[in-house]
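One structure below.
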Amino acid sequence: SMPRQFFVGGNFKMNPVTQEQKRTLVKVLNEATIDPAVEVVIAPPALYIFPLKDILRKDIKVAAQNCYFKLSGAFTGEISPSQLVDAEIPYVILGHSERRTLFHESSDLVAQKTRAALDAGLSIILCVGETLEEREAGKTAEIVESQLKPVVGVLKEADWRFVPAEYGFSDSFTKYHVPPCSKIVIAYEPVWAIGTGKVATSAQAQQAHADIRSFLSTAVSAAVAENTRIIYGGSVNAGNCKELGNQKDVDGFLVGGASLKPEFVDIINAKK
Ligand code: PEP
């Protein structure tokens, strides 16, 4: 099977506030030496994706932080997956813990959004993760599985007929649809580690990632489990990224706070 490409996402959340601050961030990224082996995606607030995309180096992609599951209509304040595709925004973050908690998004809603986004042609950064209370009750794997279960159908129902040989499903097609396992990146983000400065230990991250991979293997297929990137999020910084990034099942990061700082470049280059 193909090696999984290291992935680093920057989630700007509702920051920074001025256009000038955003241009400064882009300038840092544009002038940085970035490991060409890494897939890098930044998710500015929706309002600013366009102006930033125009000045951003072309080897860094952009993402929306959310979208709806309908393609158009009377849904005031929402953004549709097909609008993102039309605007040439290739990625969307779905199921971030702030969406689940503050905006009451259920795992079923997140799965509906995931299906709509995949159908429209978007790639997805799908976030899952347990609270501190759930971890302390020994429920981490159970909670993460419950968040992933509604998405299993989306992965299973996909059209596998034109999948390239590298994915192990077929050996004879030259024209193919990109398989969903390459379109969905799973971000394991323990809620207690997001924005708290309390990073998971590399052993905790590795265990959770291995559990997710094993769940995918059982619930979907061994090939999907093997090919799906599982990235870690929660207080990643320049100091802790190397050890986390060297774990066997950690295929990259989703970075909040530190993605607004020059150290984001060090996190992108964690494997160098
Ligand atoms: C996030 O918002 O996805 C995140 C991981 O935030 P932070 O890096 O600030 O913990």
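Read the figures in this text as sums done on the coordinates, not as results from a lab. Since the model is a prediction, treat every value here as computed from it, not as a measurement. Note that we place each Cβ from the backbone using ideal geometry, even for glycine, and neighbour counts take in every protein chain shown.
Averaging sequence separations of C-alpha pairs under 8 Å and six or more residues apart, then dividing by the length of region 1-142, give the relative contact order as a whole percent. Don't skip to the end; give the middle numbers.
Working: 194 pairs, mean separation 26.4, N = 142.
Once normalised by length, the contact order is 19 percent.
Treat the count of other C-beta atoms within 10 Å as a stand-in for reagent exposure and order 91, 68, 188 from fewest to most. Mind showing how you got there, number by number?
Values: 91 22, 68 19, 188 26.
Ranked by crowding around the Cβ, least crowded first: 68, 91, 188.
What translational D, rounded to a whole number of µm²/s, comes out for region 89-154 from Stokes-Einstein when the hydrodynamic radius is the Kirkwood one over Cα pairs, at 20 °C and 1.002 mPa s? Display every interim value, and only then the final one.
Working: Rh = 12.4 Å.
Once the numbers are plugged in, D ends up at 173 µm²/s.
Using modelled amide H (1.01 Å from N, peptide plane; none on Pro or chain starts), what sits under 5 Å from the amide H of residue 252, excluding residues fewer than 5 places away?
Residues meeting the criterion, in which the H sits 1.01 Å from N, are 7, 232.
Would you please give the FRET efficiency between residue 35 and residue 132, computed as 1/(1 + (r/R0)^6) with r the Cβ-Cβ distance and R0 = 25 Å, to the nearest 0.05?
Numbers: r = 33 Å, r/R0 = 1.33.
According to the calculation, E is roughly 0.15.
Would you list 12, 253, 50 from fewest to most Cβ contacts within 10 Å?
Numbers: 12 23, 253 30, 50 13.
Ascending number of Cβ neighbours within 10 Å: 50, 12, 253.
Please state the relative contact order of the chain as a whole percent: Cα pairs under 8 Å, 6+ residues apart? The partial results should precede the final answer.
Values: 520 pairs, mean separation 57.4, N = 272.
It comes to 21 percent, rounded to a whole number.
Extension gain residue 27-residue 156, at 0.36 nm per residue separation less the Cα-Cα distance, in nm?
Numbers: separation 129, 0.36 × 129 = 46.44 nm, distance 4.13 nm.
Net length gain for the segment: 42.3 nm.
How would you rank 130, 105, going from fewest to most other Cβ atoms within 10 Å of each one's own Cβ? Mind showing how you got there, number by number?
Working: 130 24, 105 19.
Ascending number of Cβ neighbours within 10 Å: 105, 130.
What's the whole-number percent of alpha carbon pairs in the chain lying beyond 35 angstrom?
Details: 3985 of 36856 pairs.
Percent of Cα pairs beyond 35 Å in the chain: 11.
Tabulate in residue order the Karplus-calculated ³J(HN,Hα) for region 71-76, using 6.51 cos²θ - 1.76 cosθ + 1.60 with θ = phi - 60°, rounded to whole Hz; enter x for Gly and Pro.
Karplus-based 3J(HN,Hα) across region 71-76 equals 7, 6, x, 7, 9, 3 Hz.
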